[in-house]
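Written below as structure tokens is the structure these notes are about.
The values are calculated or read from the model by the stated rules, or taken from the named source; none is laboratory data. These figures come from a predicted structure and were not determined experimentally. Here the Cβ positions follow ideal geometry from the backbone for every residue, glycine too, while neighbour counts run over all protein chains shown.
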Amino acid sequence: MLEALLQGKRGLVVGIANEHSIAAGCAMALREAGAELAVTYADERSKPFVAPVVAKLDAPIFMPMNVEIDGQLEAVFDAIEQEWGQIDFVVHSIAFCPKDDLHGPVSACSKAGFAQAMDISVHSLIRMTRLAIPLMPKGGSILTMSYYGAEKVVDHYNIMGPVKSALEGTVKYLAAELGPKQIRVNAISPGPLHTRAGSGIAHFDELIDAAQNRAPERSLVSIEDVGHMAVGMVSDLSRKVTGNIAYVDGGYHVQA
């Protein structure tokens, strides 16, 4: 279904934790569509869980990248420049908040926890975009992952709601800034999925049940659903789409 849609395109996918993660679904769909991929892993502990996904992608670049470690992000883009010379898209699918701050009320969030959540979840997108710009001389696409909790209050999503709101605002401002360079910046907002990241949210099973029961389609989305949207968003089919938040949630976001 996706074959050849991205033939000749090259891109970076950041955030694969294991075969069940959203970034893995995106990477598999992008590869199926013909794209050549660079892929990262967070650290040596996570590498064995990412490696099986990478084996299916035939990725020529597979490198460590912890955005909190100085130089690792730059090293990945240096490797891309040496290997390919340029890049067509970046898929940013990373977010983090310390457990105590994530599970506590917003009013109790620590200064350090908030700063770390914003740095990893939001400012890393800005840094990646800055490094990608010189490698997109003919334009390109930057794509990140948000959630409905950025727009409306979702029980137990807590401080990640304001963090994702900041991410969506950043998407819009980057889109306006980079439009003249023909670099598009968008976000996908998936419904809740059974991923390792999602399971860190308190009462996550309740959130899953609510999404399934209230969504007009009465079903949960899959990482494959998100991957298919990612293909469309980075492909030329969306060449006039920028600053957009694309919901992949079975229609949940339209419900009052």
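Structure notes:
- Residues within segment 233-256 that are basic (Lys, Arg) and touching a residue at least 40 places away in the same chain (Cβ under 8 Å), tallied: 1
- Set side by side, the residues Met1, Met28 differ, and just one is at pLDDT below 95 and either in a loop (DSSP other than H, G, I, E, B) or under 22 Å from Ser222 (Cα atoms) (or both), which is Met1.
- Among the candidates Ile120, Ile133, Ile142, the residue that is outside any helix (DSSP H, G or I) and among the β-branched types (Val, Ile, Thr) is uniquely Ile142.
- Only one entry of Ile80, Ile94, Ile69 meets the criterion of being part of a loop (DSSP other than H, G, I, E, B) and in contact with a strand residue (DSSP E or B) (Cβ under 9 Å, 6 or more places away or on another chain), and that entry is Ile94.
- Residue in segment 9-19 that is small (Gly, Ala, Ser), under 25 Å from Ser235 (Cα atoms), surrounded by 23 or more Cβ atoms within 10 Å (Cβ to Cβ) and in contact with a helix residue (DSSP H, G or I) (Cβ under 9 Å, 6 or more places away or on another chain) present: yes
- Unmet requirement for His156, which otherwise passes all of (1) in a loop (DSSP other than H, G, I, E, B); (2) surrounded by fewer than 17 Cβ atoms within 10 Å (Cβ to Cβ); (3) modelled with pLDDT of 95 or more: (3)
- The single residue among Glu168, Glu177, Glu206 that is modelled with pLDDT under 95, out of contact with any Leu (no Cβ under 9 Å at 6 or more places or on another chain) and not β-branched (Val, Ile, Thr) turns out to be Glu206.
- Scoring Ile69 on the criteria (1) loosely packed, with under 14 Cβ neighbours inside 10 Å; (2) more than 30 Å from Asn158 (Cα to Cα); (3) of a type in the set (Val, Ile, Thr) leaves a single failure, condition (2).
- Here is the figure for segment 30-55: residues that are within 14 Å of the chain's Cα centre (by Cα) and in contact (Cβ under 8 Å) with a residue 60 or more places away in the chain total 1.
- Screening Ile223, Ile183, Ile188 for residues that are over 17 Å from Gly140 (Cβ atoms) and either at pLDDT 90 or above or among the β-branched types (Val, Ile, Thr) (or both) leaves exactly one candidate, Ile223.
- Segment 48-77 - residue that is touching a helix residue (DSSP H, G or I) at 6+ places or on another chain (Cβ under 9 Å) and charged (D, E, K, R) and, of those, nearest to Ala117 (Cα to Cα): Glu68
- Near pairs, Cβ below 8 angstrom, 6+ apart or cross-chain, from segment 84-99 (among the aromatic types (Phe, Trp, Tyr)) to any residue that is in a loop (DSSP other than H, G, I, E, B): Phe89/Lys9; Phe89/Ala35
- Check on Leu57, among the aliphatic types (A, V, I, L, M) and within 28 Å of Gly161 (Cβ to Cβ): no
- Among the residues examined, Gly113 qualifies as touching a Pro at 6+ places or on another chain (Cβ under 8 Å) and buried (at least 16 other Cβ atoms within 10 Å of the Cβ).
- Pairs with Cβ under 9 Å, 6+ apart, first in segment 202-220 and more than 23 Å from Gly104 (Cβ to Cβ) and part of a loop (DSSP other than H, G, I, E, B), second modelled with pLDDT of 75 or more and among the aromatic types (Phe, Trp, Tyr): Ala215/Tyr252; Pro216/Tyr252; Glu217/Tyr252
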